[in-house]
1. Taking strands (runs of 3 or more DSSP E) that fall entirely within region 1-119, which contain at least 3 residues that are modelled with pLDDT of 80 or more and surrounded by 13 or more Cβ atoms within 10 Å (Cβ to Cβ)?
2. Just name the residue that is surrounded by the most Cβ atoms within 10 Å (Cβ to Cβ) out of those in region 120-151 that are modelled with pLDDT under 60, among the hydrophobic types (A, V, I, L, M, F, W, C) and part of a loop (DSSP other than H, G, I, E, B).
Amino acid sequence: MNIFEGGIFMNSFHSENTIVAFLDILGFKDLVNNNGHDKLIRVYQNLLLPIVQHSSTFGKYKVIKKEDGQSLAVADSSKAVISSLVISDSIVLWTPIASMKSFIDIAIVVRNLLVSGMYSGLPLRGAISIGPLSMINDTIEMNNELSMSFS
């Protein structure tokens, strides 16, 4: 299992006219209630994130060599046709611009995610919309300590 440091990082993005899909994992509350945190991390790392990455690259992958000499096929993010962000039980997908090609691309990715989600036991529902989208590049450093100050 990978250990990761606390913190949040997002790439900056702004478009006055883009296509956005928002998907929600159905039954997420039951998934959380019936599994420990370590199991949820494995579900995300080994199931949900690879499905999103594979779908957004239209199945394009690259082979990487692991330290133990074995090869591993992973989605080639440089071939991604849309951008994605997974937060809790939500998947947000967006295109750089709104065009007919972008709509077709995002519709195909959403279709692939819906099918993969059903097969993997993580059913999804969602919607596709068009309009402005902004995300701000920001990093919040967290040291896993709770601190409060009162005046």
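The values are calculated or read from the model by the stated rules, or taken from the named source; none is laboratory data. Because the structure is predicted, anything quoted here is derived from the model rather than measured. Please note: Cβ atoms are built from the backbone with ideal geometry, for glycine as well, and neighbour counts cover all protein chains shown.
1. Counting at least 3 such residues, we get 13-25, 83-87, 90-94.
2. 142
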